[in-house]
Amino acid sequence: MKKTKLVTVLFVVMLMASMLLSACAPKADEDVIKIGYVGALSGETAVWGQAGLNGMLLTAKEINEAGGILGKKVEVIGLDGRGDPTDSVNAFRRLVTEEKVIAVVGTNFSSCNIAMAPIADQLEIPLIATAASNPKVTVDENGNLHPYSFRIGFIDPFQGQVLANLASNELGAKTAAVIYDIGSDYSTGLAQYFEEQFIANGGEMVAKVEGHSGDNDFRSQLSVIAEANPDVIMVPWIYKDVALIANQARELGITAPLLGGDGWDSPELITMAGPAIEGSFYTSQPSFANPVTKPYYDAYMAEYENLVPETEALFGHDGLYWIKEAFERAGEVSPKALRDALESTTQFDGLMGSMAVDPATHNPAKPASVYTFTNGERVWYGDYK
């Protein structure tokens, strides 16, 4: 046989073998939509990250049982960002480059999402923050939009305004103090927005002190506040620090109501703070206190052996259903189609309420819920716009 004919025969054989292998190969990648989740799955705040991932896994199961997204199965892949910006960026990159996800949900830490936002733009993969509330999550320090970053929760300027108006208009506060975490974008931003609105309302800031998350003793800062004797005290920290600050404040004889943001939102706050948190207020997203979430709450408890869910589970639920709604509205599955559909959302109805998206900022228009503590229980106080 001539060499040219041999080469031709070999080529045909190899081509047929390749076609046969392709026909027999699993089509999982074509029939599966991979969605990533980044959250603190270990460490002090793992209670939030685990709830977010569990919420997405449960929701994916629900979506798949109903036929998936555009006929495709949903697969959720979670990686640990440890609540740290560098670890979160590394987790995001791995989800995109190794796991081949088409979108990512998470985190609930502003500092982590601020770090991930330019990476999402670079890799052109939509990133939906959960409770990360700093404005720079979706818009950089120069006011430029991060085209691939979105969020489900409200932003800190709005949250700070709601708390300041609550203090001025409903609690009758004329003076306020603030203790904030100097190392946290979330804490410093929320403190600033509260102060600006409280002063605009005619109130006076009589003390402003700082600390660091992880400190065990805030008595020196609280002594300054005690001497100023404010009507209310703004405490924009996460729940573990809040519990410590609340107990030490009461030990020093401070009786003023404490105010805070969605970093307070954990059932563990009541367990850790006890009576010290009584009569205080905080803002957060609509939560499991809303009766509409009861079926999902029951399904979560059943799936995870009576593990009480954190609100982050609702973010996981709504984040995945928002992706589903956007893909179905776009009629195709691609990161670009998803990005465009998320940006053009005029109404998405989730368990955390209805929202629209401002295309200039990628921030949702939605109310904030205010909660208080009465007789050792968290009580819904009202929704505010």
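The values are calculated or read from the model by the stated rules, or taken from the named source; none is laboratory data. None of the values given here were measured: they were computed from a predicted structure. Every residue, glycine as well, gets a Cβ built from its backbone with ideal geometry; the counts of neighbours run over all protein chains shown.
Taking into account only those residues within the stretch 178-210 that are farther than 26 Å from Asp84 by Cα and charged (D, E, K, R), which is surrounded by the most Cβ atoms within 10 Å (Cβ to Cβ)?
Checking each candidate, the answer is Glu195.
Kindly list the number of the only condition in (1) under 19 Å from the mean Cα position of the chain (by Cα); (2) assigned to a loop (DSSP other than H, G, I, E, B) that fails for Val370.
Failing condition for Val370: (2).
Assuming Lys100 fulfils every condition listed in (1) touching a Lys or Arg at 6+ places or on another chain (Cβ under 7 Å); (2) crowded, with 17+ Cβ neighbours inside 10 Å apart from one, which condition is it?
(2)
Checking Arg151 against (1) of a type in the set (D, E, K, R); (2) within 19 Å of Gly260 (Cα to Cα); (3) in contact with a strand residue (DSSP E or B) (Cβ under 8 Å, 6 or more places away or on another chain); (4) surrounded by 24 or more Cβ atoms within 10 Å (Cβ to Cβ), which single condition isn't satisfied?
Only one criterion is unmet by Arg151, namely (2).
Among residues belonging to the stretch 153-178 that are among the β-branched types (Val, Ile, Thr) and at pLDDT 95 or above, point out the one that is farthest from Leu123 (Cα to Cα).
Ranking the qualifying residues of the stretch 153-178, first place goes to Thr175.
If we scan the stretch 281-299, do we find a residue that is at pLDDT 95 or above, outside any loop (DSSP other than H, G, I, E, B) and closer than 30 Å to Lys100 by Cα?
Taking every residue of the stretch 281-299 in turn, at least one turns out to be at pLDDT 95 or above, outside any loop (DSSP other than H, G, I, E, B) and closer than 30 Å to Lys100 by Cα.
Based on what the data block shows, is Ser187 touching a Gly at 6+ places or on another chain (Cβ under 6 Å) and small (Gly, Ala, Ser)? Outline the logic, then answer.
Numbers: touching a Gly at 6+ places or on another chain (Cβ under 6 Å): no; small (Gly, Ala, Ser): yes.
Considered against the rule, which asks whether it is touching a Gly at 6+ places or on another chain (Cβ under 6 Å) and small (Gly, Ala, Ser), Ser187 comes out as no.
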